[in-house]
Amino acid sequence: MRARPPTARSAKAARRPAASVVTAALPEPFAGWFAAKGWQPRAHQLALLAQATARHSTLLIAPTGAGKTLAGFLPSLVAAHTARERPTRGAGLRTLYISPLKALAVDVARNLLMPIAEMSLEIRVETRTGDTPQSKRQRQRLTPPEILLTTPEQVALLLASPDAGFLFGDLDTVILDELHALAPSKRGDLLGLDVARLRTLAPALMTVGLSATVAHPSELRAWLTPQTTPETTIQLADIVTVSGGVAPHIEILETESGMPIASHTARYAVPEVLAAIARHRLTLVFVNTRMQAEFMFQELWKANGDSLPIALHHGSLDVGQRRKVEAAMARGELRAVVATSTLDLGIDWGDVDLVIHLGAPKGASRLIQRIGRANHRLDEPSNAILVPANRFEVLECRAALEAALAGEQDAVIHRRGAVDVLAQHVLGMACAGPFAADELFAEVRAALPYAGLSRAEVTRCAITSVSRA
């Protein structure tokens, strides 16, 4: 669904000046903290602060290293500090940060706790993922922190609880990180429904979307705001864009050992990959599947005559093992990590200065996302090496390289919401308590992926899901 020409309320949002030119001043102790660091707050960080003051839902689009995460949290930190004594109607949870990856939530928590401690802010921040102990998750439902960092699946579970109204009664901000990666998936469909439910529980809710560059920003802008009249008007959130960034330096590996005609492991390139690792401080070696991760880690380790510290990271590993690898990256104790998509979104662990992608990246957008982990700064180019698994993948790698250098995006964001996801959501709402059919229909249609559904479709899905339960 492309955004229709804005009319009525959406036209007002579209005509607002770009928030990059409407900024707010930082209060103390935040201004002093920036000064002590020798930093100047960037225009888009102050812009989001101004947007939050006006209570405007906003999409921030910025390249790698532009400080998106701090920009997204800054309004919540300022509000939590300046309004510490405001009364509560519910459990006291003010800000919900939702990321697509458990590792990203943990990384953000680590980076967020440092400024909170340095400014002596009385703000509690906690994470809640599938790795969080059950006792802690149970406690969080009754006494949550002011800021909770979590994943879409955990939000769905919390909303399916009878005490969801109490837990989210004070919620005023939802931060959706890496929104471009969430929106075009079933996880995004479920999250869209859950955000619509959160708006019912907290009517004054403001949403902040953080995204890398996308081809059609209006699709994400529409995702961030409730669709009250989808037949005639698509509502759009405000947008802040950050220009700049240095073009990445990408090359395709050339080897003298010969490339196989048929292979999917890139095993032939192990000597060259090890040599590249030895020349850099910290290298992320991305693969497309967990099997490839396990296989290539073993192959690299067997050929590792210099005993370079190399680790493995993917979603099936024990949480303790993953945290151990993440901590070692942060301390600069590793030279390479072989990883799947568990580390390809927004991660800023350690001083990564090279990304090696084994096998074709399966898309320009995915490649840009992954190579952005190297030199995670706005004014430095990311360095990457593509390693085709076989001769046929050379063409695919070349096409992805050229598209990435041209800044092209091939991710399709908007999609019609999946019916099985809607059934799952309806079942969760039934677990939380009784609901009225009219209210459920309006709530479902407020989510962009389901804005085009008819009453009959929603009713049929609701009856089927509840009766089968």
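The values are calculated or read from the model by the stated rules, or taken from the named source; none is laboratory data. Just so it is clear, the model here is predicted, and its values are computed rather than measured. Because the Cβ atoms are built from the backbone with ideal geometry, glycine has one as well, and the counts that use them run over all protein chains shown.
Some notes on this structure:
- Single residue of the stretch 104-148 satisfying the filter (assigned to a helix (DSSP H, G or I), charged (D, E, K, R) and over 20 Å from the mean Cα position of the chain (by Cα)) that is farthest from V174 (Cα to Cα): E118
- Between V337, V355, the distinction of being farther than 22 Å from K68 by Cα and of a type in the set (A, V, I, L, M, F, W, C) belongs to V337 only.
- Within the stretch 420-448, residues that are within 16 Å of A164 (Cα to Cα) sit with their Cβ atoms under 6 Å from residues that are surrounded by fewer than 18 Cβ atoms within 10 Å (Cβ to Cβ) and of a type in the set (G, A, S), at 6+ positions apart or across chains, in these pairs: L427/A469.
- Strands (runs of 3 or more DSSP E) wholly inside the stretch 198-273 that include at least 3 residues being touching a strand residue (DSSP E or B) at 6+ places or on another chain (Cβ under 6 Å), within 25 Å of P184 (Cα to Cα) and in contact (Cβ under 8 Å) with a residue 12 or more places away in the chain: 206-211, 238-241
- Per-region count, the stretch 430-463, residues in contact with a helix residue (DSSP H, G or I) (Cβ under 8 Å, 6 or more places away or on another chain), closer than 16 Å to L198 by Cα and either of a type in the set (K, R) or assigned to a loop (DSSP other than H, G, I, E, B) (or both): 4
- The single residue among L142, L159, L149 that is surrounded by fewer than 19 Cβ atoms within 10 Å (Cβ to Cβ) and of a type in the set (A, V, I, L, M) turns out to be L142.
- Hey, P100 under 16 Å from the mean Cα position of the chain (by Cα) and part of a loop (DSSP other than H, G, I, E, B) or not: yes
- Of all the listed residues (A389, A403), the sole one being crowded, with 17+ Cβ neighbours inside 10 Å, at pLDDT below 85, small (G, A, S) and closer than 20 Å to L253 by Cα is A403.
- Summed over the stretch 265-288, the residues that are touching a helix residue (DSSP H, G or I) at 6+ places or on another chain (Cβ under 9 Å) and either buried (at least 18 other Cβ atoms within 10 Å of the Cβ) or under 30 Å from E219 (Cα atoms) (or both) give a count of 13.
- Any chance L378 is within 30 Å of R279 (Cβ to Cβ) and modelled with pLDDT of 85 or more: no
- Some residue of the stretch 276-296 being farther than 21 Å from A384 by Cα, of a type in the set (A, V, I, L, M, F, W, C) and modelled with pLDDT under 90: no
- With respect to being at pLDDT below 90 and either hydrophobic (A, V, I, L, M, F, W, C) or under 18 Å from the mean Cα position of the chain (by Cα) (or both), L26 fits the description.
- Any hit, the stretch 237-244, residues being modelled with pLDDT of 90 or more, closer than 30 Å to K68 by Cβ and surrounded by fewer than 20 Cβ atoms within 10 Å (Cβ to Cβ): yes
- Any hit, the stretch 203-211, residues being in the same structural domain as S57 (by TED's automatic domain parsing), touching a Gly at 6+ places or on another chain (Cβ under 8 Å) and modelled with pLDDT under 95: yes
This table checks each residue for (1) modelled with pLDDT under 90; (2) assigned to a loop (DSSP other than H, G, I, E, B); (3) assigned by TED's automatic domain parsing to the domain that holds L236.
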residue: Q40; (1), (2), (3): yes, yes, yes
residue: Q51; (1), (2), (3): no, no, yes
residue: A66; (1), (2), (3): yes, yes, yes
residue: L70; (1), (2), (3): yes, no, yes
residue: F73; (1), (2), (3): no, no, yes
residue: A79; (1), (2), (3): no, no, yes
residue: E85; (1), (2), (3): yes, yes, yes
residue: T88; (1), (2), (3): yes, yes, yes
residue: A91; (1), (2), (3): no, yes, yes
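- Candidates A339, A327 - the one that is under 20 Å from S99 (Cα atoms), touching a His at 6+ places or on another chain (Cβ under 8 Å) and small (G, A, S): A339
- Residue within the stretch 1-19 that is touching a helix residue (DSSP H, G or I) at 6+ places or on another chain (Cβ under 9 Å) and at pLDDT 90 or above present: no
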